[in-house]
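Data first, discussion second: the structure below is written as structure tokens.
The values are calculated or read from the model by the stated rules, or taken from the named source; none is laboratory data. A quick note: this is a predicted structure, and the numbers were derived from the prediction, not measured. Every residue, glycine among them, receives a Cβ derived from its backbone with ideal geometry; neighbour counts consider all protein chains shown. Note: accessible area is taken over every heavy atom of the protein model, side chains too, but ligands, DNA and RNA are not part of it. Shrake-Rupley method; radii C 1.70, N 1.55, O 1.52, S 1.80 Å.
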There are 2 protein chains.
Amino acid sequence: MKQADFVIPLNWKNDSFRQIKNPKTLANPASSFPFSFPVKPYQNPESFNLSKIIMPLGDNLGDKSDSRYCGVETDFNDDMPHVLSYNINGGFDFIVAPLMEPGYRPSLINTASRESSVLPFAGSDLVLSPAQWSSHVVGKISSWIDLDSEDDVLREDSETALKQELAWASHLSLQACLLPTPKGNSCANYARCVNQILQNLNNMQLWLRIPLVKSDDEDDDSVNGTSDGMVVEPTDSWELWNSFRELCEHHSQLSVALDVLSSLPSVNSLGRWFGEPVKAAIVHTDSFLTNARGYPCLSKRHQKLLSGFFYFSIQIVLSGKAVHKLPVGSLPSGSGQADNNAQQAQKHEIRSYLDYVGYLYQKMEPLPEQERFELGYRDFLQSPLQPLMDNLEAQTYETFEKDSVKYIQYQRAVSKALVDRIPDENASTTTVILMVVGAGRGPLVRASLQAAEETGRKLKVYAVEKNPNAVVTLHSLVKLEGWEDVVTIISCDMRCWEAPEKADILVSELLGSFGDNELSPECLDGAQRFLKPDGISIPSSYTSFIQPVTTSKLYNDVKLHKDLLHFETAYVVKLHRLAKLSPSQAVFTFTHPNYSPNISNQRYKKLRFETPVETGSFIVHGFAGYFDAILYKDVHLGIEPSTATPNMFSWFPIFFPLRSPVYVKAGSPLDFQIWRCCGNTKVWYEWCVTSPTVSPIHNCNGRSYWVGL
Amino acid sequence: MKQADFVIPLNWKNDSFRQIKNPKTLANPASSFPFSFPVKPYQNPESFNLSKIIMPLGDNLGDKSDSRYCGVETDFNDDMPHVLSYNINGGFDFIVAPLMEPGYRPSLINTASRESSVLPFAGSDLVLSPAQWSSHVVGKISSWIDLDSEDDVLREDSETALKQELAWASHLSLQACLLPTPKGNSCANYARCVNQILQNLNNMQLWLRIPLVKSDDEDDDSVNGTSDGMVVEPTDSWELWNSFRELCEHHSQLSVALDVLSSLPSVNSLGRWFGEPVKAAIVHTDSFLTNARGYPCLSKRHQKLLSGFFYFSIQIVLSGKAVHKLPVGSLPSGSGQADNNAQQAQKHEIRSYLDYVGYLYQKMEPLPEQERFELGYRDFLQSPLQPLMDNLEAQTYETFEKDSVKYIQYQRAVSKALVDRIPDENASTTTVILMVVGAGRGPLVRASLQAAEETGRKLKVYAVEKNPNAVVTLHSLVKLEGWEDVVTIISCDMRCWEAPEKADILVSELLGSFGDNELSPECLDGAQRFLKPDGISIPSSYTSFIQPVTTSKLYNDVKLHKDLLHFETAYVVKLHRLAKLSPSQAVFTFTHPNYSPNISNQRYKKLRFETPVETGSFIVHGFAGYFDAILYKDVHLGIEPSTATPNMFSWFPIFFPLRSPVYVKAGSPLDFQIWRCCGNTKVWYEWCVTSPTVSPIHNCNGRSYWVGL
């Protein structure tokens, strides 16, 4: 509900308009019915379902679709219906429009007449229905507002006006309002006032307008470039956003609208923003170049940036007058938009800029099918499986078994192992004893038998599985496939099975997103009893990896639960809207079989993450974890970004949150420490940050999150 | 997620079947993807949205649609695909089928062979996909199971088998399992075992099978009638359900399947069940009568009962063999179902019974449009408005204004008051001063002006409104309608406005679902300063009403929040799935104007609710509240069920929950007490039950729920 985004698609203009005129859009609970008013969404799930309906065209095709909608910044105009229809017909999906007459100052109204006074708002909820307001208008808060001014009258007027305009915006159920950029260095009073308003705001988002500037040189002129003509100190505008956000305690309804100017900061520093709650990018007409045919276009770096915005569903808003004189024959330039006959649709003044943005959008590569299938999982926190304690469900097995890439890798590994183990001349005479431990419904059994066929080796397979329900399926599978004389099914936990003979090859897939987090080490230590001294374990080893990330989305989702437990839990999550601040580093490695005299699976690792100075300062919300496994010799399988196995979908990364985000000053190192602890009944991780600031140790004694043995 | 119901519509058989064969049904997160597994739904709202997708045809048209799906109870059969297709093609939507071979007893399997043993389940997840299992099969737990038997072996076998069968059912992600009726008087060990399983069950519902019997006569033979041939003591089977449910702490996944037999208990006692979590009604073929043409039909009382089931979306399951010899010419009776040629669809053995149930379903009257519009609100808890503290949103006003019935009543009241006040001869000379306090966006102003026109009286209207945002709209409305010289808009709180003159008529609509709960009394006491001594207040009085209800749905929704606050809050809710146990009684009355020397709006009321003995014992989850208001003389308006104004939708009832449900023995009275308390800044209610048991006083000092002044 809080993340309400725009869903007025570029190409459904007419429908969306028809829909808005259609009273039925009001015939749904959340949008129009009074009583659902103060129910807290995360307390009452149903209100979430309802909230989806608020939007005029609710069929969001996944993250990307939001960025299919493009807005335009408009000047104050009393005739909202005209402004709206002009811009909608002109090709835009929503407008960012001032709500209040710019000349208005509260102090100029004498208290006597107040009783019968009306505030000079742009139109009322009679000229446009609430549904129209909320689906097509972002409120632009008066830019004269300066809550940190030395001038008392201006400061008090600013506070009154800000409250009046935001009250009016929520009265209209607008989905968002654009807050003017803080003026000058300090923004504490501005933040204090916004923070008060945030405490009992409806579902409206507040977009704080921040110019996208960062220069190491104090008097860089790119700084003075925004429409509001303000000046930013310090010269890294991210610092401005960060202090404002910190003052408002990372409130989930406070987000960013970036002013994209003609000159851009370094690529490194731009990356930071993708982990921040940036909802919109305001692109100014004067940051466009001119192409050979005289039309507006953008520099390569701007193009790259916009693709980034599209990918992260950040909506583009165009701002400013037409500055390109279009070649003759094309439609009227900035000057004329009245002189069209009624026949021909009125051409929007800056349509050529919108067309270029649309062209960039359509130029992007479509998502591969697997990615589309996983859209619903993006940044969705899920507790890791506990396959040892809990039995997986049939549907879960079914999904895993669909991951052909994974089983092809296993088949390749088994084939190589078989060939190494049995020279061709003995192929027909010797039978290899292969044990699949954790056989589930049989996919690894199948892969092993295919490897045997492929290499012409003879196989005897034991399929060991502790889940009695999976064993039922395994039996029907063996009958179905006629494997009865090759495969023996053992309904037992590998840790306590008394094997009748020893194995040449031990095949298992007990890996979690963080490698050892589903207790593969403990299980295989138990199973290697029945592996021959020279036997082979597939996998032969695996390593976990970790890296710091900025991800305000996940931080706020964890915070929603309002308890310690959720801040000390590692989540499986399809990471999307985040900034990776430093390359991932190896954490824990386990090798099998492990014949060291006294095996311990406890681990401890200190890591130092460096980030180039030009990235600037950034905030760390937590750490993203991955794994890579060596199945056999050169056959590996994993999700560590730089070496990930393509098109494999069985694992999403893991996310270790931090109870409070850590601010890292430009160029200073980040020290992270993590432990793998083992008890009699459970295994858990503890983690902390020790520099630049020291965090508490998270999940002490596995009080919040652990994996059962 | 916990209330997951069947959504396989009667008339979409083929689609639903095609859909199941279509892998895409698995291409959605919640149904097939591993990682979403242990996320707690009420902790993570998103998982709720996903959960909806679990169902093969998710477009639930509201409560009623569930009962459009009819099931059939089947015998054990190893060939599930055949059983399923025979019954689906035979016209049923789902089957209630045994999962385990009936002869199986755990104690008969020797431990030695256990390692390689398979449990004798009916088919695996290979013969039917998990999606097919979960969308078309309710698991029937072995009826030989008796957890309270004196025979140790039987008792231990029962526990083992129950756990194995339910584990298998969750492995298949079934939406529900049918638990056999407790045997004999005691069910403590059965409940203990089920309660343990409920603690970490996935979203599966457990339907406890309870015969619908109640007799005051010990040896009533209707008791021995169910398919499982068990005997029930005490003879009111509701008591059996109640003790089982109490032992399991009202767990929200524990529900009821009622066995409907040939003879039915009294109508009064039947009513109790509609407040209980009854998910299914199993109707036995031998409880059908025979109509003139030799076809099966049901007695009038059975028909009435089934309409009740339909209305409360309780699904019908047919059980038993065909006992009607259908007239010649019609299709084969019980005996022959093999002898059909491939051409003609195989006629289901008990199709004629299903056809009759379908006939009853179609015979029901369709819901009126307003009811359909409100389907989404049924039993959905919402916090009451705080119009005094918070400003309503435009959309809220808009919805209220749609309630024409309400404004017609106001117009009638004002007309009568005008005529009483001004005799026809003075109509043209005298101008009546009318003040609308809480004018909002103007609907009462409009109603008053229409009353003046209708009666030919001259009016001067003051529209007093404290919400500055509504005042903006009010101004545009007055301009739009050209009311400038009749209507004066006052942007001020009525409690502090200094009126320039006094009013003849004071019109207000400040009523909440419980009458005074939106502080109408406090507001009007403040406003009557500017009413002439002989002036008229519309409304002239209002009274709240209350009655005890059984509503396990609402109780469990409140319990979800796991805190005291939600158990001490009054909710606005469109009551649907509940049993009203006793007629409502008047609680608090307020009259305006109120010239008593020292006005107090504190109130205190003791109420005793009686219920006829034949109703039997019942459980009270809370109290439903209503109001009725006298606008002027005989013109009233309200929602008290026996006198409710037809087609008015501005108010839903209010619900006062109890922290722990109260068990009321047949015929014993229920004593309830409620206070209206007033502080300097807030008003609140406190309430308690004092007989048959004593509850704590709820909401002491308004610690959990209050209305701000």
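Rounded to the nearest whole Å², what accessible area per residue is found for the range A:520-634 with the 1.4 Å probe?
On the way: 4090 Å² over 115 residues.
It amounts to 36 Å² per residue over the range A:520-634.
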Query raised in the report: Given the pairs B:LYS214/B:LYS325; A:LYS562/B:LYS466; A:LYS605/A:LYS682; B:LYS140/B:LYS325; B:LYS214/B:LYS300, which are separated by over 26 angstrom at their Cα positions?
Result: B:LYS214/B:LYS325; A:LYS562/B:LYS466; B:LYS140/B:LYS325
Report summary line: homo-copy label distances at A:GLY184 (7 angstrom along Cα-Cβ), nm, one dp, ascending, are 8.6
Query - Cα gyration tensor shape for the range A:618-709, rounded if a/c is under 1.5, else prolate or oblate - result: oblate
Query raised in the report: Where in the range A:624-709 are there trypsin sites (Lys or Arg not before Pro) that are in a DSSP coil and have at most 14 other Cβ atoms within 10 angstrom of their Cβ?
Result: A:LYS633, A:LYS665, A:ARG703
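At 1.4 Å probe size, with every protein chain present, just tell me what the per residue accessible area of the range A:107-209 comes to in Å². Numbers along the way, then the final one.
Details: 3490 Å² over 103 residues.
I get 34 Å² per residue for this part.
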Query raised in the report: Among rounded, prolate and oblate, which fits the range B:555-629 when a ≥ b ≥ c are the square roots of the eigenvalues of its C-alpha gyration tensor, a/c under 1.5 means rounded, and a/b larger than b/c means prolate?
Result: oblate
Query raised in the report: Considering protein heavy atoms only and a 1.4 Å probe radius, which residues within the range B:384-401 exhibit an accessible-area decrease of no less than 40 Å² in the full assembly relative to the chain by itself?
Result: B:LEU385, B:GLU393, B:ALA394, B:GLN395, B:GLU398, B:THR399
Query raised in the report: In square angstrom, rounded to the nearest 10, how much accessible surface does B:THR569 have for a 1.4 Å probe?
Result: 10
Query raised in the report: the range A:576-605: which chymotrypsin sites (Phe, Trp or Tyr not before Pro) are DSSP loop and have at most 10 other beta-carbon atoms within 10 angstrom?
Result: A:TYR595
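Carbon-plus-sulfur fraction of the accessible area of the range A:545-632, 1.4 Å probe, in percent? Can you show the working numbers first?
On the way: 1840 of 3240 Å².
Carbon and sulfur together cover 57 percent of it.
First measure r as the distance between the Cβ atoms of B:LYS325 and A:ASP390, then evaluate 1/(1 + (r/R0)^6) with R0 = 45 Å and state the FRET efficiency to the nearest 0.05.
Working: r = 52 Å, r/R0 = 1.16.
For R0 = 45 Å, the calculated efficiency reads 0.30.
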Query raised in the report: Any idea of the total accessible area buried by the B-A contact, 1.4 Å probe, rounded to 100 Å²?
Result: 7200
Query raised in the report: Between B:SER691 and A:THR690, what is the spin-label point distance in nm, taking each point 7 Å from the Cα along the Cα→C-beta axis?
Result: 7.1
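For B:LYS163 and B:ASN77, what does the FRET efficiency come to when R0 = 35 Å and r is the distance between their Cβ atoms, rounded to the nearest 0.05? Intermediate values should be presented prior to the final figure.
On the way: r = 23 Å, r/R0 = 0.66.
Efficiency, rounded to the nearest 0.05: 0.90.
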**Report entry** Equivalent-ellipsoid semi-axes of the range A:456-518, from the Cα gyration tensor, Å, largest first
**Finding:** 21, 16, 13
Report summary line: Copies of B:GLY667 compared via label points 7 Å along Cα→Cβ give distances in nm, shortest first, of 9.1
Report summary line: Summing +1 per Lys or Arg and -1 per Asp or Glu among the other residues with Cβ less than 11 Å from A:CYS677's Cβ gives +2
Query raised in the report: From the label point of B:THR431, set 7 Å along Cα to the beta carbon, how far off in nm is each other copy's matching point, shortest first?
Result: 11.1
Report summary line: Filtering GluC sites (Glu not before Pro) in the range A:144-184 by DSSP loop and by at most 11 other Cβ atoms within 10 Å leaves A:GLU150
Requested in this report: Note every residue of the range B:458-480 with a reduction of at least 30 square angstrom in accessible area, all protein chains present versus the isolated chain, computed with a 1.4 Å probe, or write none.
Outcome: B:ASN469, B:VAL472, B:THR473, B:HIS475
